[in-house]
Amino acid sequence: MAGELPGKIGRYEIRQELGRGMMGIVYLADDPVLGRPVALKTIHLAFVTPGEEREAFEKRFLGEARVAARLAHPGIVVVHDVGRDADTGTLFIALEYLRGSTLAEATAAGAPLEWREALRVTARLARALHHAHSQGVIHRDIKPANVMLLPSGEVKVMDFGIAKVPQQDLTAAGQFFGTPLYMSPEQARGDPVDGRSDLFAAGAIAYRLLTGSAAFAAENVTAILSRVQTERPPAPSTLAPGIPEAADYVVLRALAKAPADRYPDGEAMAEDIDDVLADRPPRHRAAWSSQNGEGTRVSGRAREDDSLLAELLPLTPTPAAPRRAAAEPSNPRLKQTALAIGAAMLLVAGLLAALTYEKRTPAPPAVERAAPSRAAPTPAPEDANEPGRLAIDFDHHLRSGNLRVWIDDQEVLDQGFGGKVTKKILSLRIRKGSVDEVVRVKPGRHEVKVEVRWDDNTRTDSIFATFRPGATRTLEIRILRVVNVMTLGWR
């Protein structure tokens, strides 16, 4: 629920609240100097420890925001100003005020876009990311809610320079981690990321636009993170007939588990999309060889025997070689090569048979004695400095409201939410919505406090848990229908 509006922040005159996020509030404000409306994003630092760490965060934030302000691309929201309010000390970013809808709103009903339009949006997104990456800026939280679709069909990527968090600071309790459905495997593991992590997210967005469903959708945050790291989704054309096979290639290449198997940059991805839209073979396809089938499993929605490599064969089939009569090769060198290959195959088969026989029939010991007991393998030691993860899984039936979460009195999440109507029974509307976020937690025992506000209701409760280094604890937050009681539980 919105509180009292401030009159001014910096030189900007506040008109209304536009939305709330984990790091602050966005206002519609007037710039009296230039006479234009702006979206003013304010930043609160409740989750940052006071002292030197807080000062370092502010310095880093202002530096990154100034980098974002230098990004000049039609697909990136314009940053007009960055500063601090002299009276309150509030950090702010003044952004261009956009009229349109986010991709999250455009896909809220679950219906896909027409495939050509979906690819055009993805190409514009990829080019915007390429520009940012060329300037050394990695977004790290590309998702439908951070991409605005304008009435003209253009896209605007928002929140550059805000989601980026240096790797060395991720051990602090409660630092933002990302949005699981669009998170790359390396980000889910807490590994260093580069621009190809953003391209993975762009591929996940393209999948949503083409099919109307998320590539890694699952029943809870833990399952989503598992699917992101271990499963590949079925080709989009298997869910939405009419999508060309070349579009499958573009999306699945962007969603490759290993960064090296993805597009090297956003421009290459956009160029392949241009070719698909022009009914040409993607220009970057021939030089690509993917090994990303190794170590992953196919989603249950796909055929078990359908490998990614088979899905990504060249657009034009290779003509079959003319059949020869069953005769020996006429070329002497070819004949020698064939004989050598045959001999090598026989040798390998013999070695395999010998190894199998030796493995199955071990020689009897010379002296009968008790078999030594096998000790369980020693697990790798935990890195005490590696953070744990708090996965927040909030499913609700509410129209709109606000969710706040604290860890040991430090606020780590302040997020508005909404639910869409999924069923109508006479005058009754059944709604469904969810909030799925992940934050970093310092290892150890912590109190997690939750507050949910909607309409005239406020529910607050707390729960304790011990977080181990590198491990994820999933907190289920539920509001029971009719009685409106909030329940907390670990899964």
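Pick out the one residue from ALA106, ALA118, ALA123, ALA72 that is crowded, with 16+ Cβ neighbours inside 10 Å and either out of contact with any Pro (no Cβ under 9 Å at 6 or more places or on another chain) or acidic (Asp, Glu) (or both). So that I can check it myself, show each step before the final result.
Numbers: ALA106 fails: either out of contact with any Pro (no Cβ under 9 Å at 6 or more places or on another chain) or acidic (Asp, Glu) (or both); ALA118 fails: either out of contact with any Pro (no Cβ under 9 Å at 6 or more places or on another chain) or acidic (Asp, Glu) (or both); ALA72 fails: crowded, with 16+ Cβ neighbours inside 10 Å.
When all the criteria are applied, what remains is ALA123.
Scan (1) modelled with pLDDT under 80; (2) surrounded by 19 or more Cβ atoms within 10 Å (Cβ to Cβ); (3) of a type outside the set (Val, Ile, Thr) for the single condition ALA46 breaks and write down its number.
Against the list (1) modelled with pLDDT under 80; (2) surrounded by 19 or more Cβ atoms within 10 Å (Cβ to Cβ); (3) of a type outside the set (Val, Ile, Thr), ALA46 comes up short only on (2).
How many residues does region 214-223 contain that are buried (at least 18 other Cβ atoms within 10 Å of the Cβ) and closer than 13 Å to ALA204 by Cα?
Of the residues in that region, 3 qualify.
Tell me, yes or no, whether region 29-40 has at least one residue that is at pLDDT 90 or above, within 26 Å of the chain's Cα centre (by Cα) and closer than 20 Å to VAL137 by Cβ.
Among the residues of region 29-40, at least one is at pLDDT 90 or above, within 26 Å of the chain's Cα centre (by Cα) and closer than 20 Å to VAL137 by Cβ, which makes the answer yes.
Taking only pairs six or more apart or across chains, which ones have beta-carbon atoms under 7 Å, a first residue in region 77-98 that is under 14 Å from GLU13 (Cα atoms) and assigned by TED's automatic domain parsing to the domain that holds GLY153, and a second residue that is basic (Lys, Arg) and surrounded by fewer than 16 Cβ atoms within 10 Å (Cβ to Cβ)?
Hits for this filter: zero, empty list.
Restricted to region 253-265, and to residues that are assigned to a helix (DSSP H, G or I) and aliphatic (A, V, I, L, M), which residue is surrounded by the fewest Cβ atoms within 10 Å (Cβ to Cβ)?
Filtering region 253-265 down to residues assigned to a helix (DSSP H, G or I) leaves 253-254, 259-261.
Right, trim to aliphatic (A, V, I, L, M) and you get 254, 260.
Working: ALA254: 25, ALA260: 10.
Here the residue is ALA260.
Yes/no matrix, rows are residues, columns are (1) among the charged types (D, E, K, R); (2) in the same structural domain as ASP198 (by TED's automatic domain parsing); (3) not in a helix (DSSP H, G or I):
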{"site": "VAL251", "(1), (2), (3)": "no, yes, no"}
{"site": "GLU267", "(1), (2), (3)": "yes, yes, no"}
{"site": "ILE273", "(1), (2), (3)": "no, yes, no"}
{"site": "PRO281", "(1), (2), (3)": "no, yes, yes"}
{"site": "HIS284", "(1), (2), (3)": "no, yes, yes"}
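Can you name the number of the only condition in (1) touching a residue at least 60 places away in the same chain (Cβ under 8 Å); (2) under 23 Å from the mean Cα position of the chain (by Cα); (3) over 19 Å from GLY388 (Cα atoms); (4) crowded, with 17+ Cβ neighbours inside 10 Å that GLU437 fails?
(3)
Can you give me the number of residues within region 196-231 that are without any contact (Cβ under 8 Å) to a residue 60 or more places away in the chain, of a type in the set (A, V, I, L, M, F, W, C) and more than 26 Å from GLY470 (Cα to Cα)?
Going through region 196-231 one residue at a time, the tally reaches 0.
May I ask you to verify whether HIS397 is closer than 23 Å to ALA218 by Cβ, surrounded by 16 or more Cβ atoms within 10 Å (Cβ to Cβ) and not hydrophobic (A, V, I, L, M, F, W, C)?
So HIS397 passes the test.
So which strands (runs of 3 or more DSSP E) are wholly in region 404-491 and hold at least 2 residues that are among the aromatic types (Phe, Trp, Tyr)? If you could, list the steps in order and put the result at the bottom.
Working: elements: 410-418, 420-425, 428-441, 444-454, 457-467, 472-479, 486-490.
Hits in region 404-491: 457-467.
Name every residue in region 462-491 that is at pLDDT 85 or above and loosely packed, with under 11 Cβ neighbours inside 10 Å, in order of residue number.
PHE464
Given the criterion assigned by TED's automatic domain parsing to the domain that holds ALA201, farther than 29 Å from PHE57 by Cα, more than 18 Å from the chain's Cα centre (by Cα) and part of a loop (DSSP other than H, G, I, E, B), identify the matching residue among GLY110, GLY136.
Numbers: GLY136 fails: farther than 29 Å from PHE57 by Cα.
Answer to the check: GLY110.
The values are calculated or read from the model by the stated rules, or taken from the named source; none is laboratory data. Keep in mind that what you see is a predicted model, and the values were worked out from it rather than measured. In this analysis, Cβ positions are derived from the backbone assuming ideal geometry, glycine residues included, and neighbour counts consider all displayed protein chains.
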